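Trainee: My structure is below; once you've seen it, I'll send some questions.
The values are calculated or read from the model by the stated rules, or taken from the named source; none is laboratory data. Quick caveat: nothing in here was measured; it's all calculated off a predicted structure. Glycine also receives a Cβ, built like all others from the backbone with ideal geometry; neighbour counts cover every protein chain displayed. The accessibility values were calculated without ligands, DNA or RNA, using every heavy atom of the protein model including side chains. Shrake-Rupley method; radii C 1.70, N 1.55, O 1.52, S 1.80 Å.
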Amino acid sequence: MAAEPPRPGRPVRGSTTGRPIMALFDLLGRRWVLRVIWELDRAPGPLTFRELRTACGDLSSSVLTRRLSELTEARLVEHAEGYRLTPAGRTLVERLAPLTQWAAEWQNDDG
């Protein structure tokens, strides 16, 4: 039986407290989660399972199914005429933008 998706208030990898930030880091740290979010964010509209799998490259159907289930339970993704980010998912992407900028600067740091 697969482990339950991380949720605030439940113990998660690296934290027995279930603090929301630790639950978020656990979820985002799972293989392929950020790629799925990335592809859904950049899609012009909802993606079918097949379209999303193709966009993600080497992702297996079983892993994509698991990740979509976790992201749906976390209320970051919804399935209505295809998969798309929820308002909470779009907000998460917006909040990650400063990290994206920081990473770009880090890449160019010669120090």
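Trainee: Does R42 qualify as being closer than 14 Å to R66 by Cα and among the basic types (K, R)?
Mentor: Values: closer than 14 Å to R66 by Cα: no; among the basic types (K, R): yes.
No: the conditions fail for R42.
Trainee: When the residues of the range 37-64 are filtered to those that are within 17 Å of V77 (Cβ to Cβ) and either open to solvent by less than 20 Å² (accessible area, probe 1.4 Å) or modelled with pLDDT under 95 (or both), which remaining residue is nearest to the chain's Cα centre (by Cα)?
Mentor: I37
Trainee: Pairs needed: first member in the range 15-36, open to solvent by 50 Å² or more (accessible area, probe 1.4 Å); second member anywhere, of a type in the set (G, A, S) and not in a helix (DSSP H, G or I); C-beta distance under 6 Å; at least 6 residues apart or different chains.
Mentor: The qualifying pairs are M22/S15.
Trainee: Here's a follow-up. Restricting the range 79-95 to residues that are of a type in the set (D, E, K, R) and within 12 Å of the chain's Cα centre (by Cα), which is surrounded by the most Cβ atoms within 10 Å (Cβ to Cβ)? Steps first, please.
Mentor: Filtering the range 79-95 for residues of a type in the set (D, E, K, R) gives 81, 84, 90, 94-95.
Those left that are additionally within 12 Å of the chain's Cα centre (by Cα): 84, 90.
Details: R84: 18, R90: 15.
Per the stated criteria, the residue is R84.
Trainee: Considering only residues that are small (G, A, S) and assigned to a helix (DSSP H, G or I), which ones fall in the range 10-38? Don't jump to the end; show me each part of the working.
Mentor: We begin by selecting, within the range 10-38, every residue small (G, A, S); these are 14-15, 18, 23, 29.
A23 - this is the single residue of the range 10-38 that is small (G, A, S) and assigned to a helix (DSSP H, G or I).
Trainee: Out of all the residues in the range 39-98, which are assigned to a helix (DSSP H, G or I), of a type in the set (S, T, N, Q) and without any contact (Cβ under 8 Å) to a residue 24 or more places away in the chain? Please lay out each step first, then the result.
Mentor: The initial filter retains those residues of the range 39-98 that are assigned to a helix (DSSP H, G or I), namely 39-42, 49-56, 61-73, 87-98.
Among the residues that remain, those that are also of a type in the set (S, T, N, Q) are: 54, 61-62, 65, 69, 72, 91.
Matches in the range 39-98: T54, S61, S62, T65, T72, T91.
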